[in-house]
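What follows is one structure encoded as structure tokens, with my remarks underneath.
The values are calculated or read from the model by the stated rules, or taken from the named source; none is laboratory data. Nothing here was measured: the structure is a model prediction, and the numbers come from that model. Here the Cβ is made from the backbone with ideal geometry for all residues, glycine too, and neighbour counts use every protein chain on show. Surface accessibility is based on the protein's heavy atoms, side chains included, excluding ligands, DNA and RNA. Shrake-Rupley method; radii C 1.70, N 1.55, O 1.52, S 1.80 Å.
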Amino acid sequence: MEPAESLTAEELVRYDRHLLLPQIGLTGQLRLKNARVLVVGAGGLGSPALAYLAAAGVGVLGVVDDDVVQVSNLQRQILHGQSDVGRAKVDSAADSVAEWNPHVQLVRHRTRITSENAMELVSGYDLVVDGTDNFATRYLVNDACALAGKPYVWASILRFDGQVSVFWAGHGPCYRCLFPEPPAPGMVPSCAEGGVLGVLCAAVGAAQVNEAIKLITGAGEPLLGRLQLHDALTASWHTLEVAADPGCALCGESPTITELQDYADFCGLTTAEAPVAEVDVATLRAMLAERERGGRRFTLVDVRQPHEAEVARIPGSVLVPKPEIDAGTALDRLPRDEPLVLYCRSGVRSEASLRRLQQAGFEDLAHLAGGIEAWQSHPA
């Protein structure tokens, strides 16, 4: 980064501990002041990223997010508090950043990043920090950064594990060099399905900011060409080498990707499949009440893991975890002579399990739309 012209007297006091570091010093702090960083997502990773980028004195922070704060966010998304529930995350983020550092300008992009707006968003900043939690958006942001020539600071978290790297086409590998193809839909659970340790977000998000600061100031060696893996349960960090792929469709010797594409389709999220039967909460409650009165019988199947069922379950259900359905080991435990209604946390795993049971010859099947989250949101 080119440095800004000067720091104010108050900034000299605020950034004193940075100024004492020879690798950063006055010039590095002036570079931070002149930097423009886009953070995609104001959630688990975006929260510590915005917090420490603001505290470090990055002059302009952009945040892209179209979501609102929910109570379930507060376990890990430190940008937001109880009083922010129901507010737009970008508005809550703006208030937090203003409190942390009034010298930082936060630009709110209350929108979802898409193929239509990604190039415009990315092109307005010097580098991008990715705090998203889905593969379609990761490929989108990577491709936009590569086409715009911007560094891409990427991270991923799930349960107790995190990954961090820097991708920069033309200077090292891009995300597609490491992951040429996305996993099949449903193979990798989201944090909403698989859970995440709250403090893991802080550890991995801080590692992302460390990379952004190094890129901006020129201090140290960024994780360009290296993938850092973190296991919170063992408190271990491991680093793997990642080489640029000369055959990469985006940044290789003969690229075939020259513009943004339909990333939902690329990740298999829009593949046409026959619709499956769903029941809503009201219908399921009526079915359970009828069964209780000796009416039409059916089996209600919880496809979540045992530790999830210990927290909350729908009365009258039987636990048959999805992995056992996928492997076929649970098929003999499920009746074929009466209807089955499946449920999970949000409806993703139950739909996938339903399709697996269809393949195994089960016929009278449905699943609960919205899963147990919908059940709890609509009490009797």
note = Quotient of Cα radius of gyration and Kirkwood radius for the stretch 147-299, i.e. Rg/Rh, equals 1.15
The stretch 138-212 shape via C-alpha gyration tensor axes, a/c threshold 1.5 = oblate
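Quote to one decimal, in nm, the extra length available between Asp161 and Gln82 on full extension: 0.36 nm per residue of separation minus the C-alpha distance between them. Working shown, then result.
Details: separation 79, 0.36 × 79 = 28.44 nm, distance 2.70 nm.
Once the chain is fully extended between Asp161 and Gln82, it gains 25.7 nm.
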query = Taking amide H positions as placed 1.01 Å from N in the peptide plane, with prolines and chain starts having none, which residues 5 or more places from Leu223, or on another chain, fall under 5 Å of its amide H?
reply = Val166
note = Honestly the stretch 231-301 on the Cα gyration tensor test (a ≥ b ≥ c root eigenvalues; a/c under 1.5 rounded, otherwise a/b vs b/c for prolate or oblate) is just oblate
inquiry  = What does the extension gain come out to for His307 and Ala192, with contour length at 0.36 nm per residue minus their alpha carbon separation?
reply    = 39.9 nm
message = Computing the accessible area with a 1.4 Å probe over protein heavy atoms, can you report the carbon and sulfur percentage for the chain?
response = 51 percent
query = Accessible area per residue of the chain at 1.4 Å probe, in Å²?
reply = 47 Å²
inquiry  = What does the C-alpha gyration tensor say about the overall shape of the stretch 12-150? Classify as rounded when a/c is under 1.5, otherwise prolate if a/b is larger than b/c, or oblate.
reply    = oblate
request  = Quick one: compute a quarter of the convex hull surface over the Cα atoms of the stretch 101-174 and quote it in nm².
outcome  = 6.2 nm²
At 0.890 mPa s and 25 °C, Stokes diffusion of the stretch 37-93 via Kirkwood alpha-carbon radius, µm² per second = 220 µm²/s
request  = Please identify the longest segment of the chain free of exposed trypsin sites (Lys or Arg not before Pro), where exposed means a DSSP state other than H, G, I, E or B and no more than 15 other Cβ atoms within 10 Å.
outcome  = 113-292
note = In nm, the gap between the two label points placed 7 Å beyond Cα toward Cβ at Ala243 and Thr283 is 5.4 nm
query = Heavy-atom accessible area of Ile257 with all protein chains present, probe 1.4 Å, nearest 10 Å²?
reply = 20 Å²
ask   = By how many nm would the segment from Asp67 to Met119 grow when fully extended, if each residue of separation counts as 0.36 nm and the alpha-carbon distance is taken off?
value = 16.6 nm
query = What share of all Cα pairs of the chain, in percent, falls into each consecutive 20 Å distance bin?
reply = 25, 50, 21, 3
